[in-house]
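Contents: one structure, followed by commentary.
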Amino acid sequence: MKAVSIVLIAVAVMAATCLLSTAAAPVTMHLHKQAVPMPMHLHNSNATIGPQPNCPGWTMFKQCDSRWGGDRLGTSPSDTICTAGCAMSSVAMLLHTRGLGLDPGSLNNWLINNGGYESGDLILWGSVDKLGKTSFQGLEKPALSDVISGIQAVRFKCHGIIANVRGGSHWVLLTGFAGGSTFNVNDPYYSTSQYTYADMLRLAVYH
């Protein structure tokens, strides 16, 4: 695997924790944490990527789509995009919405060839910044009020917020604020269209 530049090193998340059944017990997350935690910056004026055009409508990809669902995730000996590709598929939705012609299948191949995975299928969130459409800001859980205000940036600047839900076992792309503490999402596996703030353990934010 190619070495990843220090400026692109980010928290790596075990994508294999995406569960296939709501009845299954939560799988323990395996995080490759940085020596110094990266703070959340929903409104970071120092981001290297300029304002994005208003989102014309978020792309929806399903990780089990027959066109790529059976592909091996990264270089994992057992996991496929269908069984464990929720985080990567959520990133693919963001990148496609921003105008890159990538889907989960082609993004998976790009990550394999460009140092986007660690230990086989652990996605390095910041690796896709090499494509020139994103600036990864960090991974943590800010206050509800910050998430609500951050959703305005999602709408008007096409910022990307990817939420860790279902007890830490799954990742989805936030697409809007539904009121109260509920957010609209594009879920790459389940038919769920909304999650609450309480459902979210952490958020990965891109400018």
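No value in this document is a laboratory result; all are computed from the given coordinates. Model, not experiment: these values are computed from the prediction. Every residue, glycine among them, receives a Cβ derived from its backbone with ideal geometry; neighbour counts consider all protein chains shown.
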Using the Karplus curve 6.51 cos²θ - 1.76 cosθ + 1.60 with θ = phi - 60°, what ³J(HN,Hα) values do you get for each residue of the range 73-87, in whole Hz, with x for Gly and Pro?
7, x, 10, 4, x, 9, 7, 10, 4, 5, 7, 8, x, 5, 5
Under 8 Å for C-alpha pairs, at least 6 residues apart: give me the relative contact order for the range 115-207, rounded to a whole percent.
31 percent
Please give the Cα centre distance for the range 79-114 versus the range 134-191, rounded to the nearest Å.
18 Å
Take Thr192, Thr175 and order them by how many other Cβ atoms sit within 10 Å, fewest up front.
Thr192, Thr175
Residue order, fewest to most surrounding Cβ atoms within 10 angstrom, among His96, His159
His96, His159
Check each of the chymotrypsin sites (Phe, Trp or Tyr not before Pro) in the range 55-161 and keep only those in coil by DSSP with at most 11 other C-beta atoms within 10 angstrom; list them in order.
none
